[in-house]
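A.B. asks: Structure below; questions to follow.
The values are calculated or read from the model by the stated rules, or taken from the named source; none is laboratory data. Please read these numbers as outputs of a predicted model, since none were measured by experiment. Because the Cβ atoms are built from the backbone with ideal geometry, glycine has one as well, and the counts that use them run over all protein chains shown. Ligands, DNA and RNA are stripped out before the accessible areas are found, and what is left, the full protein with its side chains, is counted by its heavy atoms. Shrake-Rupley method; radii C 1.70, N 1.55, O 1.52, S 1.80 Å.
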Amino acid sequence: MSTDGRPYFGFNAKGSKDVDEQTALANNLLDQLSAPAIKNRLVIRVNGGTISQNTYGKDWTEGMIGKWAALQKKQGVRLVFVINGNDAPANQAALLQRWMDAGATFDFIEMMNEYYLPKFAKGDRSHEEVTRAITPELYVNEILPAYWKELDRFNLPYYLIFAPAKEQSGAADRSEQWNSVVAKAVNGAYRSRDLNATIHLYVRGSSLEGYDYGQIDRLRAMLPPGRHIAVTEAGIINPQLPIQQVGQLTVAHFRNIMQHLQAGDYLLDQVLYNPNAKNNTANTNPNGITPKGTAVLNYIRGGLQ
């Protein structure tokens, strides 16, 4: 739990992509925050997002892992590891062990990424990250136990996928069904396990008006007492907005989310780095810290208020 009783805050990294440049840019961004007490509250979801489901142990060299471990050692930030559900459980455990052998430590293990999406439900293999159809029942009854057999030895908390609220009726039905099945397992068969919730909260547009922040409270009510929520991805998805406006809207979105989080919860910004300088969601790109990154840095300096 964070020492001042507030949630942790952090970023999603692109893991194995452009590791030398990405870690150098991350170091530059984190160097702007000199106080150790601030950095100790910061988290990097090192293999975050879709890339986590199509990156395997063979894609990581010891040098690449070492770059991230060195960044953690230098900056004092925390790391989160996302499991690739397309890889064999033993292989994922071996990869995690390689990270730890390099000196990395992790706050928790996140059990896959966005399995509630239609592409996973349909088993749409036109997407590299999809290798089979996944139902919530398959997730809780077969997939999770298979991975826990290999991962329990790390003694880390697990965070399970929960679906965000959807505006369209069909999508809302799918989200509610997914959440109902996972919550039943967390409160029932797996209640003795340290299982927590992860959720992604994106705004698609140019306004926060009408956004359903109450879903965070509803999710908490579905969990046993004392469990935590990690908003492991949050941001603004609108390629048409100028990056400065994206920064301002992102920080306003974060402030609203923080009102619903508690000590020990997590909130992670969508993108730490993007190689495309025209991408308006990233905090860093090959040109350095972006205007959005500056807005997020100011938010951190202000005490995440």
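A.B. asks: Just to compare against my own numbers: the Cα pair-distance distribution for region 222-289, 10 Å bins, whole % per bin, please.
C.D. replies: Binned Cα distances yield the sequence 19, 44, 24, 11, 2.
A.B. asks: Further, regarding this structure: Using a/c under 1.5 as the rounded threshold, could you call region 187-254 rounded, prolate or oblate? The axes a ≥ b ≥ c are square roots of the C-alpha gyration tensor eigenvalues, and prolate needs a/b larger than b/c, oblate otherwise.
C.D. replies: Because a/c hits 1.5 or more and a/b exceeds b/c, region 187-254 counts as prolate.
A.B. asks: Considering Cα pairs under 8 angstrom that are at least six residues apart, work out the relative contact order of region 80-227 and quote it in whole percent.
C.D. replies: Averaging sequence separation for qualifying contacts and normalising by length gives 22 percent for region 80-227.
A.B. asks: Could you tell me the number of lysine pairs in the chain with C-alpha atoms less than 13 Å from each other, where the two lysines are 8 or more residues apart or belong to different chains?
C.D. replies: Going through the chain pair by pair, I get 4.
A.B. asks: On the accessible surface of the chain, probed at 1.4 Å, how many percent belong to carbon and sulfur atoms?
C.D. replies: Taking all protein chains in place, the chain shows 48 percent carbon and sulfur surface.
A.B. asks: Give me the net charge of F11's neighbourhood, meaning all other residues with Cβ under 13 Å from the Cβ of F11; Lys, Arg count +1, Asp, Glu -1.
C.D. replies: Residues close to F11 contribute a combined charge of +4.
A.B. asks: Among bridges DSSP assigns within region 187-305, what percent are antiparallel (round to 5)?
C.D. replies: Of the beta bridges lying entirely in region 187-305, close to 15 percent run antiparallel.
A.B. asks: Could you tell me which label, among [x] 64, 51, 36; [y] 46, 45, 42; [z] 60, 33, 30, carries the value of Cα extents along the principal axes in Å calculated for this structure?
C.D. replies: Calculated Cα extents along the principal axes in Å: the matching label is [y].
A.B. asks: Still on this structure, please answer the following. Quick one: grab Rg to one decimal and Dmax as a whole number for region 148-305, Cα atoms only, in Å.
C.D. replies: Every Cα atom of region 148-305 included, Rg and Dmax give 17.1, 50 Å.
A.B. asks: Considering Cα pairs under 8 angstrom that are at least six residues apart, work out the relative contact order of the chain and quote it in whole percent.
C.D. replies: It rounds to 21 percent for the chain.
A.B. asks: With every atom except the alpha carbons ignored, what do you get for Rg and Dmax of region 44-87, in angstroms?
C.D. replies: 11.0, 32
A.B. asks: Restricting the count to DSSP beta bridges whose residues both fall in the chain, what percent are antiparallel, rounded to a multiple of 5?
C.D. replies: Just about 10 percent of them are antiparallel.
A.B. asks: Quick one: net charge of Y273's neighbours, Cβ under 9 Å, K/R +1, D/E -1?
C.D. replies: Here the charged neighbours net out to 0.
A.B. asks: So if each residue of separation counts as 0.36 nm, and I subtract the Cα-Cα distance between Q262 and E176, what length gain in nm does that give?
C.D. replies: Here the segment from Q262 to E176 would lengthen by 28.6 nm.
A.B. asks: Next question, about the same structure. Given Cβ point charges of +1 (Lys, Arg) and -1 (Asp, Glu) and nothing else, what value in debye, to the nearest 20, does the dipole of region 171-305 about its Cα centre take?
C.D. replies: My answer is approximately 160 debye.
A.B. asks: Based on a Kirkwood Rh over C-alpha pairs, give the Stokes-Einstein translational diffusion coefficient of region 98-239 at 37 °C and viscosity 0.692 mPa s in µm²/s.
C.D. replies: It diffuses with D of about 200 µm²/s by this estimate.
A.B. asks: Same structure again: Rounded to the nearest 500 deg cm²/dmol, what is the calculated helix-only ellipticity per residue at 222 nm for the chain, with -39500 (n - 2.57) per DSSP H run of length n ≥ 4?
C.D. replies: Taken over the chain, the calculation gives -11000 deg cm²/dmol.
A.B. asks: Among A189, H200, I257, flag the residue with its Cα farthest along the positive direction of the charge dipole of region 175-267, charges on Cβ as +1 for Lys/Arg and -1 for Asp/Glu.
C.D. replies: Final value for the positive-end residue is A189.
A.B. asks: Let me ask something additional. Compute the length gained on full extension between N28 and S126: take 0.36 nm times their separation in residues and subtract their Cα-Cα distance, giving the result in nm to one decimal.
C.D. replies: Going from the current span to full extension adds 31.6 nm.
A.B. asks: Provide the net charge surrounding G63, with neighbours chosen by a C-beta distance below 13 Å and charges set as Lys +1, Arg +1, Asp -1, Glu -1.
C.D. replies: Around G63, the surrounding residues sum to -1.
A.B. asks: Calculate, for the chain, the solvent-accessible area per residue in square angstrom, rolling a 1.4 angstrom probe over the heavy atoms of the protein chains.
C.D. replies: 41 Å²
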